[in-house]
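Derivation of every value follows stated rules applied to the coordinates shown; laboratory data play no part. Just so we're clear, the structure is a prediction, and the values are computed from it rather than from any experiment. Here Cβ is always computed from backbone atoms with ideal geometry, including for glycine, and neighbour counts include all displayed protein chains.
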Amino acid sequence: MKLDILLGLQWGDEGKGKIVDVLSPKYEVIARFQGGPNAGHSLEFNGIKHVLHTIPSGIFHAECENIVGNGVVIDPVIFQKEILALSNLGVDARKNLLISRKAHLILPTHRLIDAASESSKGASKIGSTLKGIGPTYMDKTGRNGLRIGDIMRPDFMERYQLLVKKHEEILAHYNFNYNLEELEPAFFAGIEHLRTFRHIDSEHVLNHHLKAGKKVLAEGAQGSLLDIDFGSYPFVTSSNTISAGACTGLGVAPSRIGEVLGIFKAYCTRVGSGPFPTELENETGEKIRQIGREFGATTGRPRRCGWLDLPALKYSILINGVTQLIMTKADVLSGFEKVQVCTSYLVDGIDTDEFPFDIDPRYVQPVYTELPGWNEDLTGIRNANEIPNNLQDYIRFIEDALEVPVTIVSVGPDREQTILMR
C-alpha cells in the first residue's frame, strides 16, 4: 500500500484542515509530517468552527488513528490547550492520537528568541508567528534539540537546563526584556500532560501500517510556497512543506508515495511579509478578504488577497508531483462580474510561465487573462452538475493550464459544502 499526501500549493491557509476532515473516513491513519503550532487548520461542522494547530485533522473521526510525526515541533502548552478544547467537545484524543518520540519540543526560550529576533529586524521582519518554530528547527539541525522521547529520560531536567543556558546566552545579545520564570510553570505542566500520551517510533508504525495494507494520509502544514528550500525565501517557514517533506517527516521512502493531493484557493492569500505578485491592495482585495473571512487562524492577522496565480501553481505542482487538485473557496468569488487569472509573468521584460528565483514586484509583473465571473450562490450546491457554467469554465481553464484534474471543489467552510467532481 502507498501513502497519499495532502498539502497546500500556495502560501498556506488553503483549507487543508477541512479537506483532511472530509477525506478522513476513507483513511485509517492520518499523519502530520512537519510544522508546528504556527499552522492553523480550520474545520467547521454542526455549526461549530474548530482550529487545530498541532493535532492531525482526522482527530474528529474516532476510527482514524492520528499520528504526530517526527518532522513536527510541539509546544507542550499549546498542545495541552488543544487537547482541553477537544475534550470540551467530547473528543478523547488519547484514544486515537500517537506522538513520535523523535518530534522536537518547543521550549519557552525558543519563543523568546523568536520574539527577540523578529523585534530586532525592524522594517525587515519576515512575519513570524512568534511561536518559536524557527529557533526550534535551528536547534534540531544544530543537534541541540530536545525531543518527545527525552521527556521520559531521568536526566530530562539536566538536558533542559543545559539548552536553556545556551538560549539565555543568545538572548543576552538582544535588547529584549523577558521573564522566563513566568513561562516555565505552564511549560512543565504541559510536559507532564505529554507524558500521558502514547509515544511511538512513528517510522516503524507507519511502515508496518503500509505493509499491512492500511490507507494512510500524510497531512502537511503551511503551503508549498513557504517551503524552506523552494518557497519565497527568506519569507518562508523553517521546514519542508512539500511532498518530499513527508518522507523525512514520517520516515517513509519515496517509493511509498501514492496520490499527491494539492489544495489551492480560487484566488490567492498570504499572511505576513513577503512578495506576492497578484496582490490586490484595493477595494477588490478588501472585498475578497471580507467575504472570505480572510484572517489568520493562528494569528488573527488580516490576510493579503489577490487573484489566482497559475505560474506559482504550476511550480508547486512540479516540485510536489501533484496528481489531483482540490479548489477551495469558489463561493467567495460569487458576485464578481469578471475575474482575473495570472497566466504568466513579465520578468525583466520577458514573458514566462516559470516561477523565477525572485518574485519581488519590482522585477516581476503579472500578466492576466480575464474570465467571466459567476453570480450564483454556491453554498447550497452538492453535485457537480449544479455548478454554474461560468465556474465550470473557470475550472476547465485551470485544468487545461495546469494539466492536472480538479477532483474536489469546496463551496463553503462546512464539511458538507464539498463537491466531488469525479
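A few comments on the model shown:
- Additional length obtainable on full extension of the chain from Arg198 to Arg94, 0.36 nm per residue less Cα span: 36.7 nm
- Among Arg111, Arg195, Arg422, sorting on how many other beta-carbon atoms sit within 10 Å of each Cβ, with the fewest leading, yields Arg422, Arg195, Arg111.
- Cα long-axis angle, helix 310-320 against the chain (0 to 90 degrees, to the nearest 10): 40 degrees
- In loop segments of the range 55-85 as defined by DSSP, the GluC sites (Glu not before Pro) with at most 16 further C-beta atoms inside 10 Å of their C-beta are Glu63.
- Projecting the alpha carbon convex hull of the chain along each direction and taking the average yields 20.4 nm².
- Within the chain, DSSP assigns beta bridges of which about 40% are antiparallel (rounded to the nearest 5).
- Pairwise Cα inverse-distance average, inverted: Kirkwood Rh of the range 73-219 (Å): 16.9 Å
- By the count of neighbouring beta-carbon atoms within 10 Å, fewest first, Ser224, Ser100, Ser334 end up ordered Ser334, Ser100, Ser224.
- Derived scalar couplings ³J(HN,Hα) [the range 208-213; Karplus, 6.51 cos²θ - 1.76 cosθ + 1.60; whole Hz; x for Gly, Pro]: 5, 4, 5, 5, 7, x
- Distance between the pseudo-spin-label points of Met1 and Asn282 (7 Å out from Cα toward the beta carbon): 5.1 nm.
- Overall dimensions of the range 347-422, expressed as equivalent-ellipsoid semi-axes from the Cα gyration tensor (√(5λ), whole Å, largest first), are 32, 13, 13.
- Computed over the range 145-251, the alpha-carbon pair-distance distribution with 5 angstrom bins reads 2, 9, 12, 13, 14, 19, 18, 9, 3, 1, 0, 0, each value a whole percent.
- Full extension of the chain between Asp351 and Gln161 gives 62.9 nm of extra length, using 0.36 nm per residue less the Cα-Cα distance.
- Computed FRET value (nearest 0.05) for Asn385 with Lys26, which takes r as the C-beta separation and R₀ as 22 Å: 0.45
- Candidates per GluC sites (Glu not before Pro) in the range 262-354, loop by DSSP, up to 16 other Cβ within 10 Å: Glu281, Glu337, Glu354
- Members of Lys26/Lys81; Lys81/Lys166; Lys2/Lys81; Lys102/Lys329; Lys81/Lys329; Lys95/Lys211 lying beyond 32 Å, as alpha-carbon distances in this model show: Lys2/Lys81; Lys102/Lys329
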